[in-house]
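The values are calculated or read from the model by the stated rules, or taken from the named source; none is laboratory data. In this text the structure is predicted, and so the values were computed from the model without any measurement. Ideal geometry is used to build each Cβ from the backbone, glycine not excepted, and the neighbour counts take in all protein chains shown.
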Amino acid sequence: MSGGESKFGRAVAASGAGAEGRPGIVLAAVAVAQFMVSLDLSVVNVGLPRIAVGLGFGAVDLTWVIHAYALAFGGLLLLGGKAADRYGRGRVLLFGLALFGLASLVGGFAQEPWHLVAARAVQGVGAAALAPAALALLTATFPSGRARVRAFGVWSAMNAAGGALGVLLGGVLTEYAGWRWVMFVNVPMAVCALALAWRAVDAGPPPARDARPDVLGAVLATAGMTLLVFGLVRTDRYAWTSPVTLTTLAVAAALLAAFLFVERTTARDPLVRLGLFANRSVAGANAYNLMVGGAMASAFYFGSLYLQRVLGIGPSLTGLGFLPFALGVVVGSVAAVKLGYRFAPRALLIVGGLLTAAGLAWFGLISADGAYVTHVLGPSIVTSIGFGLCLGPVVSTATAGVASHEAGTASGLLNSSRQIGASLGLAVLGGAAHARTGPAVTPEALSDGYALGLTLGAALLVAAVLIALVVLPRTGAPRPSERDVDGESSTARPASAA
């Protein structure tokens, strides 16, 4: 794909006129960046038990390897999108890639738990910059037509491939190269994406210079959510009614209240217009996504620990054991596209949520004398298909009735709600699991704790279904005119591609 002169690049050059770079290389850079971010979300999970041993993490403190990334990514994602609009998508993409790669390199050399947690937080900052910039760059480069459909098809494929291969690659690297390679693996991908983006992105003037991004709002939101999670996680050491816990949660609430005040009064470009939540589709979809994010992040966490710490399966086989889950998500996503022609997104969210809840409840029956085939494989298939059914419809619902100039904000908000939900859910469910386990580290005690966490995850999915039933408006199935030229339902189309 040298010089942007590939067949695909030439074919879409006309549709990419006026974009920020050469279409073929832009697509390659964005694809590698998306694959890297998607892979990072899953590659670390399999390595958690070895990371805990290698750096001396405690049972609860280990969750901060996930929290640090999810909170920074989710809390700063909207700011990253605003920065890309103001300072230039190419510039922000290059910055995000460089920061992500550097943090991955530093994290791989971590010697203390806080070293890795800090590196993961910086990774989250880099991801929050590069992810919206890459998607906005792709949208600008391929504004319409079949080239746009194909480009977003490549983007979606790399997103799915990263998640699927991450669990397998994480297991292989952890077992045969060491846990540090779950961090190092990002470095060559970041360098590759940087090289491609450097060649492809035009260093012209930024597209907008209207209002400055609301940095204060982003800091307040991220700090408030981080302190909230910190307070929840530390309830294993300090009771809910202790002065330490109450003070921590009160300060977190004050920071979040200050964030809402700033969003209402700032003279800068706010991260999100609060009136957007008056739209029931936006409010309901984000609340639904918050619950799903919490349940699924916890399921990955508990599932990985159960396979390795209770069943004694090695990291590489654990990664292989997660592959049916990844394939089930693909099956569910494809089914959502087909069913989206006949059923409203709300109906698919209800069915998908119930199916996912059933899978997690089944998963919650794990025991110390369980086996992969009987206690993991079946629940994984049911859970993953249900989860896949939810992915497209929740994106479509979150942007329904939103003005075109706020579609990007609505899409970014949905991504933020999933990341923040993942951190909050893991904090609450992880704390409950640790309390059930107690000081013992026997397979029976660990299994009981993980089972409780998975069962509570099923309860979160039931809550998500109730939100879909009560909050989301009733709509009909998409009409034939709402399907694009290639026959894809608007239910399955990425919001960012709309």
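I'd like the full set of residues that are surrounded by fewer than 24 Cβ atoms within 10 Å (Cβ to Cβ) and either modelled with pLDDT of 85 or more or in contact with a Pro (Cβ under 6 Å, 6 or more places away or on another chain) (or both), limited to segment 44-60.
Within segment 44-60, PRO49, ARG50, ILE51, ALA52, VAL53, GLY54, LEU55, GLY56, PHE57 meet the criteria.
Could you tell me which of the residues ALA403, ALA427, ALA368 is surrounded by fewer than 24 Cβ atoms within 10 Å (Cβ to Cβ), assigned by TED's automatic domain parsing to the domain that holds TYR306, closer than 30 Å to VAL310 by Cα and among the small types (Gly, Ala, Ser)?
ALA368
With ALA218, ALA197, ALA258, ALA252 as the choices, which residue is crowded, with 21+ Cβ neighbours inside 10 Å, in contact (Cβ under 8 Å) with a residue 24 or more places away in the chain and under 24 Å from SER423 (Cβ atoms)?
Being crowded, with 21+ Cβ neighbours inside 10 Å, in contact (Cβ under 8 Å) with a residue 24 or more places away in the chain and under 24 Å from SER423 (Cβ atoms) holds for just one of ALA218, ALA197, ALA258, ALA252, which is ALA218.
Only one residue in LEU391, LEU414, LEU339 is without any contact (Cβ under 8 Å) to a residue 60 or more places away in the chain and not basic (Lys, Arg). Which one? Let's see the steps before the verdict.
Numbers: LEU391 fails: without any contact (Cβ under 8 Å) to a residue 60 or more places away in the chain; LEU414 fails: without any contact (Cβ under 8 Å) to a residue 60 or more places away in the chain.
Of LEU391, LEU414, LEU339, the one residue that is without any contact (Cβ under 8 Å) to a residue 60 or more places away in the chain and not basic (Lys, Arg) is LEU339.
Of all the residues that make up segment 342-373, how many are more than 21 Å from GLY449 (Cα to Cα) and in contact (Cβ under 8 Å) with a residue 24 or more places away in the chain?
Going residue by residue through segment 342-373, those that are more than 21 Å from GLY449 (Cα to Cα) are 342-355.
With in contact (Cβ under 8 Å) with a residue 24 or more places away in the chain added as a condition, the list becomes 342-346, 348-355.
So the answer is 13.
Check every one of the helices (runs of 4 or more DSSP H) wholly within segment 84-202 and list those with 1 or more residues that are farther than 27 Å from VAL60 by Cβ and at pLDDT below 95. Full working, then the answer.
Values: elements: 89-108, 113-141, 145-176, 181-184, 186-200.
By residue number, 89-108, 113-141, 145-176, 186-200.
Name the pairs whose Cβ atoms lie under 7 Å apart, with the first residue in segment 431-452 and under 9 Å from ALA368 (Cβ atoms), the second in a helix (DSSP H, G or I) and of a type in the set (Phe, Trp, Tyr), and 6 or more positions between them or separate chains?
SER447/TYR306
So how many residues does segment 84-94 have that are within 15 Å of VAL215 (Cβ to Cβ) and of a type outside the set (Val, Ile, Thr)? Working first, answer last.
Keep residues of segment 84-94 that are within 15 Å of VAL215 (Cβ to Cβ), which gives 84-87, 92.
Remaining after also requiring of a type outside the set (Val, Ile, Thr): 84-87.
Residues that pass the stated criteria total 4.
Which one is surrounded by the fewest Cβ atoms within 10 Å (Cβ to Cβ) among residues in segment 278-336 that are within 13 Å of VAL167 (Cα to Cα) and among the hydroxyl-bearing types (Ser, Thr, Tyr)?
SER316
Restricting attention to segment 1-11, does a residue exist that is in contact with a Ser or Thr (Cβ under 9 Å, 6 or more places away or on another chain) and either in a loop (DSSP other than H, G, I, E, B) or modelled with pLDDT of 85 or more (or both)?
No, there is no match, as no residue in segment 1-11 is in contact with a Ser or Thr (Cβ under 9 Å, 6 or more places away or on another chain) and either in a loop (DSSP other than H, G, I, E, B) or modelled with pLDDT of 85 or more (or both).
Would you be able to tell me the number of residues in segment 231-244 that are crowded, with 18+ Cβ neighbours inside 10 Å and hydroxyl-bearing (Ser, Thr, Tyr)?
Qualifying residue count for the region: 1.
From the list LEU93, LEU71, exactly one residue is closer than 14 Å to VAL37 by Cβ and hydrophobic (A, V, I, L, M, F, W, C). Which is it?
LEU93
Any idea which of (1) at pLDDT below 85; (2) under 17 Å from the mean Cα position of the chain (by Cα) is the one SER423 doesn't satisfy?
(1)
Among the listed residues ALA463, ALA432, ALA468, which satisfies the condition of being in a helix (DSSP H, G or I), over 27 Å from VAL60 (Cα atoms) and modelled with pLDDT of 90 or more?
Of ALA463, ALA432, ALA468, the one residue that is in a helix (DSSP H, G or I), over 27 Å from VAL60 (Cα atoms) and modelled with pLDDT of 90 or more is ALA468.
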